[in-house]
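The values are calculated or read from the model by the stated rules, or taken from the named source; none is laboratory data. Please read all numbers here as calculations on a predicted model, not as lab measurements. Ideal geometry is used to build each Cβ from the backbone, glycine not excepted, and the neighbour counts take in all protein chains shown. Please note that ligands, DNA and RNA were not included when accessible areas were found on the heavy atoms of the full protein model with its side chains. Shrake-Rupley method; radii C 1.70, N 1.55, O 1.52, S 1.80 Å.
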Amino acid sequence: MNPIAAVILLVYVIGVTWAPWRRPSWRRPAHGLWIEGGGLVAAVAVALVLARLATPTRTGMLWGGLVLHVAAYWYACAGGMAVVRLVLDLVPVAAQPATGGIAVSASELSRGRIIGVLERAVALTLVLLGQYGALGLLVAAKALARFRALDDRDFAEYFLIGTLASLLHALVVGVGVRLLM
């Protein structure tokens, strides 16, 4: 990977982590997802165009690959937290739901964020290694850990939406890295 392109992508993923549309008071979920996706496509396009300006050495290509992997893990873990939150915001969730919402405690949400980050890191690693079948084991392990809680249909749907959004995000990042490499 050309290090110029990799550095541009790393700057994008670090910048997007602190972007204004990630603030709950500023955004609507669909708007945030649209901006996030469009920004990523633009960053990849700029990186690929600027990468054509210079031909790196073999060492530069190794460093470019390393920087690209750092960017991928940063975006999958830190960036994925906001993307999954945007998807879950499409489902009404509150500590005490008014009507038709799902009740999730603050401690449950914070534990879910940590589990999601770890889940995306493991999923990205599996995709980068080409072990797509092992992603099913990751979902099975999560379902086994939450077996009793899945009796509540609302929680089960919330859990499934979060898990699938998290895995899809890691899968897209991993496949993107594999294509760029």
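Looking only at residues that are among the aliphatic types (A, V, I, L, M) and open to solvent by less than 40 Å² (accessible area, probe 1.4 Å) in region 11-43, which one is modelled with the lowest pLDDT? I'd like the intermediate steps shown before the answer.
Of region 11-43, the ones among the aliphatic types (A, V, I, L, M) are 11, 13-14, 16, 19, 30, 33, 35, 40-43.
Next, from what is left, pick out any that are open to solvent by less than 40 Å² (accessible area, probe 1.4 Å): 13, 16, 19, 43.
Details: V13: 84, V16: 76, A19: 68, A43: 85.
Among residues in region 11-43 that are among the aliphatic types (A, V, I, L, M) and open to solvent by less than 40 Å² (accessible area, probe 1.4 Å), the one modelled with the lowest pLDDT is A19.
When region 45-64 is filtered for residues that are open to solvent by 60 Å² or more (accessible area, probe 1.4 Å), free of Cβ contacts under 8 Å to residues at least 40 places away in the same chain and in a helix (DSSP H, G or I), the ones remaining, listed by number, are V46, V49, R58, T59, L62. Against the conditions (1) in a loop (DSSP other than H, G, I, E, B); (2) open to solvent by 40 Å² or more (accessible area, probe 1.4 Å); (3) modelled with pLDDT of 90 or more, T99 satisfies every one except (3). Being surrounded by fewer than 17 Cβ atoms within 10 Å (Cβ to Cβ), under 17 Å from L118 (Cα atoms) and either aromatic (F, W, Y) or within 17 Å of the chain's Cα centre (by Cα) (or both) is true of L164.
Given the condition over 19 Å from R85 (Cβ atoms), in a helix (DSSP H, G or I) and either acidic (D, E) or out of contact with any Leu (no Cβ under 9 Å at 6 or more places or on another chain) (or both), answer yes or no: does some residue in region 119-135 qualify?
Scanning region 119-135 turns up at least one residue that is over 19 Å from R85 (Cβ atoms), in a helix (DSSP H, G or I) and either acidic (D, E) or out of contact with any Leu (no Cβ under 9 Å at 6 or more places or on another chain) (or both).
Within region 154-175, residues that are closer than 18 Å to W74 by Cβ reach partners that are open to solvent by 20 Å² or more (accessible area, probe 1.4 Å) and modelled with pLDDT of 95 or more with beta carbons closer than 6 Å, at six or more positions or on different chains, in the pairs G174/L128.
Condition (residue is assigned to a helix (DSSP H, G or I) and without any contact (Cβ under 8 Å) to a residue 12 or more places away in the chain) applied to region 68-76: is it met by at least one residue? Show your work before the answer.
Kept after step one, since they are assigned to a helix (DSSP H, G or I), are these residues of region 68-76: 68-76.
Filter once more, keeping what is without any contact (Cβ under 8 Å) to a residue 12 or more places away in the chain: none.
Taking every residue of region 68-76 in turn, none turns out to be assigned to a helix (DSSP H, G or I) and without any contact (Cβ under 8 Å) to a residue 12 or more places away in the chain.
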